[in-house]
Amino acid sequence: MKRKNILVATVVAACIAGLGAWSVHQSARGESEKAAEGAESKADDAVCLVRTQAAVQQNLPLTLIAFGDVIPGKVVAASFPQAGQISQLLVVAGRQVHRGEVLATIVSDPAAESAYTQAASAANLARAELQRSEDMFKLQLATQSQVDTARKALHDADANLESQKKLGGAQATASLLAPFDGVVTETLLAQGERIQPGAAIVKLGRTDTLRIQFGIEPSQSRGVHTGMPVSIFALQDPTKPSTVKLTEVQDVVDPKTKLVTAIAEIKQSAAPTLVIGMHAQGAIQLGQRRLWAVARQAVLTDGKGAYIFQVAAGKAVRVEVEKMTETADVSGVEGKLDPKLPVVILGNYELQDGMAVREAAR
């Protein structure tokens, strides 16, 4: 009997201990569920404050930004018409020169001087022969045909003399003068070298008209054509643009730069801030297109490309876009925007797709 009472007491104690452990477990589970519910409630309450604007479409100008260098205008070669030897070369590449300035001097070739002397003698002889023929014609000792022949011989002799004079035989030295205001782009011969008639000595580029040589990515060059307006900005002074037109768009890729070259010309007087050798930026106007007009700061980019956020039912919705143009304040984009949903323009850097948002007080 006594052993039976002890067994019953043991079973009762075990039940009581099990009931206590179950009560503790349930209490802990309740606390855990309450904490999770609280965290979930706080997560639901966490929203991002943003500012939005309506999604609108506008006709926006399409522009292509390109960079280039300012180079001289049309380049010409300056040469002597006669053979000789360069006694002085007075300029180097990069030197600014003015019209009429001496670029080089040449000592005439002895053969050219001899040819001129012979031509002068032949002309004097022909002149004397014509005079003699005319006197004899007056005395009826010569015919009209003889007089005409002598006159033609004088005409030919004078022409040959003038030709030899232009070839430099009339003077021992000659000077090569700059035909216009410009800059020496290249010297082709050195002092002391002998030259043939017409050999180029230096190359000159005009400075009254400048050229801006832009490099354009081949994938973007298809939409660029001659005659398109381009606003040119000197990178040192971007506040004073000058608008001209493209005068040339090449059809080949430059093997050095791997870019397509486009050239615009501008009068130096119209762009006094442009100096040969400086870098410039050009905004080539490609036309207009109807695009979604959004604030510049509304457009973000990541590894997938450009995107914006719109707001639908208090949630941020990511929309992939393609940026087509940009001004100081507005970006023109293409994409599947919902015109009924506002576009996030501030606070978008912290957003993720599906995040809760709320319009901030203005």
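Quick look at the values:
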quantity	calculated
Any hit, region 240-251, residues being β-branched (Val, Ile, Thr) and open to solvent by 50 Å² or more (accessible area, probe 1.4 Å)	yes
Top-ranked residue in region 320-350 [being among the small types (Gly, Ala, Ser) and not in a strand (DSSP E or B); ranked as least open to solvent (accessible area, probe 1.4 Å)]	Gly347
Condition broken by Gln310, with the remaining ones in (1) under 29 Å from Ala283 (Cβ atoms); (2) of a type outside the set (Ser, Thr, Tyr); (3) in contact (Cβ under 8 Å) with a residue 24 or more places away in the chain satisfied	(1)
From the options Val102, Val147, residue that is of a type in the set (A, V, I, L, M), free of Cβ contacts under 8 Å to residues at least 24 places away in the same chain and touching a Leu at 6+ places or on another chain (Cβ under 9 Å)	Val147
Candidate set from region 258-290 (those that are in a loop (DSSP other than H, G, I, E, B) and at pLDDT 90 or above); member that is nearest to the chain's Cα centre (by Cα)	Leu259
Complete set of residues in region 291-319 that are in contact with a helix residue (DSSP H, G or I) (Cβ under 9 Å, 6 or more places away or on another chain), closer than 30 Å to Pro229 by Cα and assigned to a strand (DSSP E or B)	Leu300
Some residue of region 142-150 being touching a Phe, Trp or Tyr at 6+ places or on another chain (Cβ under 9 Å), open to solvent by 90 Å² or more (accessible area, probe 1.4 Å) and part of a helix (DSSP H, G or I)	yes
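The values are calculated or read from the model by the stated rules, or taken from the named source; none is laboratory data. Remember, predicted model here, so these are calculated numbers, not experimental data. As a convention, Cβ positions derive from the backbone with ideal geometry for all residues, glycine included, and neighbour counts pool all protein chains shown. What goes into the accessible areas is simple: the full protein's heavy atoms, side chains included, and nothing from ligands, DNA or RNA. Shrake-Rupley method; radii C 1.70, N 1.55, O 1.52, S 1.80 Å.
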